[in-house]
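Quick note: the coordinates plus some simple rules give every number you see, no bench work behind them. Owing to the predicted nature of the structure, the values given are computational and were not obtained by experimental measurement. Cβ sites come from the backbone with ideal geometry, for glycine too, and all protein chains shown count toward neighbours.
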Amino acid sequence: EVLLLESGGGLVQPGGSLRLSCAASGFAFSSHSMTWVRQAPGKGMEWVSIISTSGDSAFYADSVKGRFTISRDNSKNTLFLQANSLRVDDSAVYYCVRGGVVVPGGNDYYFYFMDVWGRGTSVTVSS
Amino acid sequence: DIQMTQSPSTLSASVGDRVTITCRASQSISTWLAWFQHKPGKAPKLLIFDASNLESGVPSRFSGSGSGTEFTLTISNLQPDDFATYFCQQYNFHSLSFGGGTKVEIK
């Protein structure tokens with residue numbers, strides 16, 4: 001069974017940091033790009049960051065650029081999101097999702113649909 | 001950025017009804033659109049990709065159509081398990097965004 005299990009969420013003060021993790025199982029993790037998507041209370045889904053299969057290419061939404069860093073450890077089938085300088089409006093459920101980008105080579109890329117989601121981990125930024 | 005406008009935001013229906021949800025893109029996205037089902041506390045589930053392709057294992061009462069800027073998700077013969085929130089996602093080349101979601105409630 002394909003599974004994505006997020007962890008690392010919690011309550012943090014504005015300006016603080018969190019490291020989210022996503023443990024993947026049931027598929028060839030290193031063969032799939034991976035994405036973090038978030039949903040703030042009462043809002044729609046928002047993609048946060050996407051990473052290529054090798055980890056060489058990463059993409060960020062403007063709202064998190066310069067504050068968040070996506071990475072992956074293909075030897076441990078794990079995806080990470082380092083979230084720094086957190087703001088109140090970063091409060092959301094963060095989902096780990098399989099897919100999101102195809103990188104044919106060089107600087108070329110195109111976004112793609114995502115096919116498997118985790119249940120999410122909740123992040124609350126509040127003083 | 002391409003904006004996705006989904007309607008209605010809430011829909012009340014009965015078991016056995018035919019339900020249609022619409023996503024409109026602010027510019028043409030060809031058929032680069034997916035639909036998902038999301039229940040509270042659960043992982044969202046892919047239903048349709050490339051506007052009309054049914055994901056493996058998804059019941060055939062779900063169907064998708066459209067191209068360009070207007071897309072629809074249709075659920076024929078609504079079942080009790082189908083009461084959930086549905087949202088669309090566009091993935092047009094260097095652009096990626098989601099619709100706001102449609103909650104399908106029991107009438």
Find, to one decimal place in angstroms, the Kirkwood hydrodynamic radius of the protein assembly as shown, where the mean of 1/r is taken over every pair of different Cα atoms and then inverted. 18.1
The extension gain from residue A:2 to residue A:25, computed as 0.36 nm times the residue separation minus the Cα-Cα distance, is 7.7 nm
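Averaged over B:90-97, how many beta carbons belonging to a partner chain fall within 10 Å of each residue's beta carbon? Present the calculation step by step, with values, prior to reporting the outcome.
On the way: counts 2, 10, 2, 4, 5, 2, 14, 6.
For this peptide, the per-residue mean of nearby foreign Cβ atoms is 6.
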Rounded to whole Å, give me the distance from the Cα center of the stretch B:1-44 to that of the stretch A:1-74. 23
Past 22 Å, Cα to Cα, is the threshold; run A:43/B:45; A:76/B:42; B:42/B:103 against it and keep the listed order. A:76/B:42
Once a ≥ b ≥ c are taken as the square roots of the eigenvalues of the Cα gyration tensor of the stretch B:26-77, is the result rounded (a/c under 1.5), prolate (a/b larger than b/c) or oblate (a/b not larger than b/c)? prolate
Please give the net charge around residue B:41, taking every other residue with its beta carbon less than 14 angstrom from that of residue B:41, where Lys and Arg add +1 and Asp and Glu add -1. +3
In percent, what relative contact order does chain A have, based on Cα pairs under 8 Å that are 6 or more apart in sequence? 34
